[in-house]
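Worksheet: the structure to be examined is printed underneath.
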Amino acid sequence: MARRKKGERDENWGLKKEQRRGRGSGLSVPGESSSTKEGKRSRKKIALNEMGVLLPHDEMLHNSLLYLLLMQHKKIPAKKSDMIKHAMNGQSREFEDVFKELETVLNDIFGIKVIGIGDTQKSGLYPNYILVSNYNLSVCDMVTSRDHDVDCRRSILFLILTVIFMLNRSIDEDLIWKVMNDTKLNSLVCEKKDNLRRFLKQEYVTTMYLNLEENNDNDPPIVRYSWGCRADKEYSKYSILKFVTKQFPGKKPYDFTIQYGVAKETEGELVAADAAIEEREAEKEAENYPPLEGSLLDEDDDLMSQNFRRDDSDSDDEESRSEWKRRGTRETMEAEDIDSGREERANDDSS
């Protein structure tokens, strides 16, 4: 055993006998919980920072990128405080610079936009963040392999969002269950209605696709669901309106006045582009089926007017002939009456 120098304290100095025994043998100290150990580790990190042991900028950027992508995979909002704690070693002063570069990397390399959620702080930053793809969901599905269960849950979410948008109000669990039951999707994810609230909260409320509105004034409380902030960023209301329009032949998106106005307000560029495409298709159709030239139309009008005049003259001739026939018949009948009257008088005279 090495002897200590004069004035040098033992690392176990000041500990109880049982604690020194536990530390020397590698065993945990009796009565010390795991939370206590975590607290000691965090305090040790803070102490290292105070001593000047800091993470370099590139390492904080790398850790923050992995952290955000992990939260995106789980569809859980990333908290700013957790990002500073777990990815940046508690170096909060470096957060703004690291975050700006992080946004650039995600947008340029991954095609992902960082969206802030909640009230902005004094620094202009948000307490929570989510990642949203710059591409349409249909494009993402083409290059992403998904299983049947994921497609089923996404289909349920799409139908719920469609019903909410077309009704222009929040909906309750009874209507959601009816939609799932009519489409036979409840048997794949939630067989019992009693488990519906837990399913919706776990799948869509926690991930911010749906917003839960609970009214505690009633007994039992009424729970309703509306569009969440993630759904507003990832789903196109105009695309949903076009999907619904296809179910009604002869209808156009602008026939649904309220929904079309909402889509035009939030996605004006997409609506204008779609209107331009429709107008161009109408022009092409007009080019394929051009109208008749003016000279041909004039000739047709002349022929039609001649036919009408001929028909009128023919009708006049027929009327005149019929009138002469009536007159001849009347004169013949009068002559016969006169002859019969003369015969009657002659018979009377002879008698």
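Here are a few things to note about the model shown:
- When the P(r) of the range 208-247 is calculated, the portion above 13 Å amounts to 63% of the C-alpha pairs.
- Label-to-label distance for Arg280 and His86 is 4.6 nm, based on points extended 7 Å past Cα in the beta-carbon direction.
- Solvent-accessible area per residue for the range 176-296 (1.4 angstrom probe, square angstrom): 68
- Available extension along the chain between Leu167 and Thr183 is 3.9 nm, counting 0.36 nm per residue and deducting the alpha carbon span.
- Taking the three principal axes of the alpha carbon atoms in the range 169-301, the coordinate ranges are 79, 29, 27 Å, sorted in descending order.
- Surface share of carbon and sulfur [accessible, 1.4 angstrom probe, percent] for the range 51-204: 51
- Positive contributions from Lys and Arg (+1) and negative ones from Asp and Glu (-1), summed over other residues with Cβ under 12 Å from the Cβ of Glu278, come out at -1.
- The simple Förster model, with R0 at 56 Å and r as the Cβ-Cβ distance, assigns Ile109 and Asp217 a FRET efficiency of 0.70.
- Placing a label point 7 Å from the Cα of His57 along the Cα-to-Cβ direction, the residues of the range 74-115 whose backbone N falls under 20 Å of that point are 84-85, 87-109.
- Full-extension gain in nm, Lys192 to Asp97, via 0.36 nm per residue minus C-alpha separation: 29.3 nm
- Potential lengthening of the chain between Leu66 and Ser239 amounts to 59.1 nm, from the contour at 0.36 nm per residue minus the alpha-carbon distance.
The values are calculated or read from the model by the stated rules, or taken from the named source; none is laboratory data. The model shown is predicted, which means the values in this text are computed figures rather than measured ones. Ideal geometry is used to build each Cβ from the backbone, glycine not excepted, and the neighbour counts take in all protein chains shown. Ligands, DNA and RNA are stripped out before the accessible areas are found, and what is left, the full protein with its side chains, is counted by its heavy atoms. Shrake-Rupley method; radii C 1.70, N 1.55, O 1.52, S 1.80 Å.
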